[in-house]
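Asker: This is the structure I have questions about; it appears just below.
The values are calculated or read from the model by the stated rules, or taken from the named source; none is laboratory data. Computed from a prediction, not measured in an experiment: that's the story for all the values here. All Cβ positions, glycine included, derive from the backbone under ideal geometry; neighbour counts span all protein chains shown.
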Amino acid sequence: MGRTYRKRHRQSKRSVSDKGGGYELSDLAQFCAAHGCQEVKRLRTYNFDGCGRGMQTLSRIQPGDALIRLPQALLVTTSTALKDDIIRSMCQRSTLKPTAVEMLCAFLLYERQKGEKSFWRYYITSLPTSFSTLLCLNPKDAHLLDSQLQTRLDTMQRSVDRTFSETVKIFGELLGDVSYSDYLWAWHVVNTRCIYMKQPKLEEVRTSNEEEDDFALAPFLDLLNHNPSAQSSILFDDEAGFCEIVTHDTYRKYDQVFIRYDNHSNRTLLLEYGFCISEKLDEVVELNMDILTEYVLQGIQAEPFMEKIEDWKLTKGLLCDHIEGLSWNALNAIKIMCDASCGAISETVGRLRVLDSSMKHRLSYIEKLSAAKVSVKRSDNEMFILDMLTVLYKGEVAILQHAKQYL
C-alpha cells in the first residue's frame, strides 16, 4: 500500500479514542476505505455501554441514506476461498466436497495462520476472539437449560462436530493440527456474521440440506448490531460491483446505527448469535406438550385424547405471544384435554393451568440461574451467557403473565 498509507496508518493509531473500538477496528476501517469502501467517513466504531462495540454516526442520517457501500471484492465467499490455489486443489482432489460453511471456516483458519502475510489480516484481527452462544456454555451449567433449549443445542452441537470432522478430513494437510476450539472460533465467525448473498453453484462445493449456502462475510459491515425495530435493506449492485446497506430509519449524530438480522425469537438469537433482547414485543413463547398434559389432565388417562391431538396436528405450533395470547393450536389442544375431564375442568381453568405451569417452569430456571451466578467464580463470558438466559426466561414469563388477560 506504500509509505504514504503506512504513515497515515500510524498517525491514525495515535488518535483513536478510548471508546473508539481499538486499533484493530481502526485498521479495518482504513483497510476497507483504501479498497473502495464508501460512506465509512459517516460512521465510526464505538464501544457502547451495555452492548459492546457497534457503529456510531458522525452526522445525521436520513431514511434512504446508504450506511456502507462495500465493494463486492471485499466480500468473503466460497468463490473468494477458491481463488487460493491450495484450497481449490484440495477441494478438487477430495472425494468429499466441503459445504460452504466448511470451506469458509477453513479459509478463515488458513488466513489467520498466515498472520501479517494475509491480505485479510486487518479483517481477521478485527474479529471477536470469543463468543457467547450456548455452544460456549460451560457443560457444568447444562442443567440451566430447559429441555427445548437443550434439544436444540444438542442438534447444533452434533452439526458442528460433524463439520469439524469433515473440515479436518478435507483440509487437514493445509491447516495442520487444528484444534476443535480454533475451529469453533471460525464456525462462530461464519454463523454469526454472514449476510445473505446469492452464490453461484460451484462444483467444488457440496450443497447441504441442513445449511444455507448463499452467504458472505462482509468486513466492516458486520459491525452493525441487531435491533428488532431497525429497518434496512441490503442491495447488490452487480454492475457497479458494490454491496450496499440502506437504512430506512433516522439517526442523530452520535447515535448507534442498527440493522435487523431477521425476525428471530430470543431462543434463536441466543443459540445462533449469543444474545437476547429484553422486552421483545414480537417474542413468541413455545409451550411444552408434556406440561400441557401433566397440568391440564392431572391424572386423567391421556392416551386416547393424545391420539386426537396428533390426528389434528396440534402437537406443534403450541405458542403464546404478547398480542393474541395462546395460539389456535394451543387453545384447541387444551379444549380436547378439558373435554377428556367430562366437565371437571373448564377451558378457562385449563388455559390458566397451562399458563401458570409454564410460568412456574421458567421461574424455577431463573432461581437456578440466580444461585449459579454466586456459587462459583465465573469468567465474564460465562456470566454474560447466564445473564442472557435470565433475560430469556424472564421475557417469556412476562408474555405468559400478559396472556392471562385474554382468558
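Asker: Which members of the stretch 55-74 meet the condition of being crowded, with 20+ Cβ neighbours inside 10 Å and either closer than 26 Å to Cys105 by Cβ or assigned by TED's automatic domain parsing to the domain that holds Cys105 (or both)?
Answerer: Met55, Ile68, Leu70, Leu74
Asker: While we're here: I'd like the full set of residues that are among the hydroxyl-bearing types (Ser, Thr, Tyr), more than 11 Å from Val257 (Cα to Cα) and in a strand (DSSP E or B), limited to the stretch 228-246.
Answerer: Ser233 - this is the single residue of the stretch 228-246 that is among the hydroxyl-bearing types (Ser, Thr, Tyr), more than 11 Å from Val257 (Cα to Cα) and in a strand (DSSP E or B).
Asker: Which of the residues spanning the stretch 76-112 are in a helix (DSSP H, G or I) and within 22 Å of the chain's Cα centre (by Cα)?
Answerer: Thr78, Ala100, Val101, Glu102, Met103, Leu104, Cys105, Ala106, Phe107, Leu108, Leu109
Asker: Now, a different point. In this structure, is Ala100 modelled with pLDDT under 95, among the hydrophobic types (A, V, I, L, M, F, W, C) and closer than 30 Å to Asp249 by Cα?
Answerer: So Ala100 does not fit the description; no.
Asker: Quick check on my filter: what residues within the stretch 300-342 are in a loop (DSSP other than H, G, I, E, B), of a type outside the set (A, V, I, L, M) and over 23 Å from Gln148 (Cα atoms)?
Answerer: Residues satisfying the conditions are Gln301, Ser341, Cys342.
Asker: Considering only residues that are part of a strand (DSSP E or B) and among the polar types (S, T, N, Q), which ones fall in the stretch 27-75?
Answerer: The answer is Gln38, Thr45, Asn47, Gln56, Thr57.
Asker: Of all residues in the stretch 121-168 being of a type in the set (Lys, Arg) and over 28 Å from Pro219 (Cα atoms), which is surrounded by the most Cβ atoms within 10 Å (Cβ to Cβ)?
Answerer: Filtering the stretch 121-168 down to residues of a type in the set (Lys, Arg) leaves 121, 140, 152, 158, 162.
Now drop any that are not over 28 Å from Pro219 (Cα atoms), which leaves 140, 152, 158.
Details: Lys140: 10, Arg152: 17, Arg158: 10.
Top of the filtered list is Arg152.
Asker: Considering the stretch 80-91 alone, what residues qualify as being more than 14 Å from Tyr110 (Cα to Cα) and surrounded by 15 or more Cβ atoms within 10 Å (Cβ to Cβ)?
Answerer: Within the stretch 80-91, just Cys91 meets the criteria.
Asker: Sticking with this one: Of the conditions (1) buried (at least 16 other Cβ atoms within 10 Å of the Cβ); (2) farther than 17 Å from Leu287 by Cα, Glu367 clears all except one; give me its number.
Answerer: Among (1) buried (at least 16 other Cβ atoms within 10 Å of the Cβ); (2) farther than 17 Å from Leu287 by Cα, Glu367 violates only (1).
Asker: Shifting gears a bit: Restricting to the stretch 194-227, and then to whatever is part of a loop (DSSP other than H, G, I, E, B) and out of contact with any helix residue (DSSP H, G or I) (no Cβ under 9 Å at 6 or more places or on another chain), can you tell me which residue is modelled with the highest pLDDT?
Answerer: Checking each candidate, the answer is Leu224.
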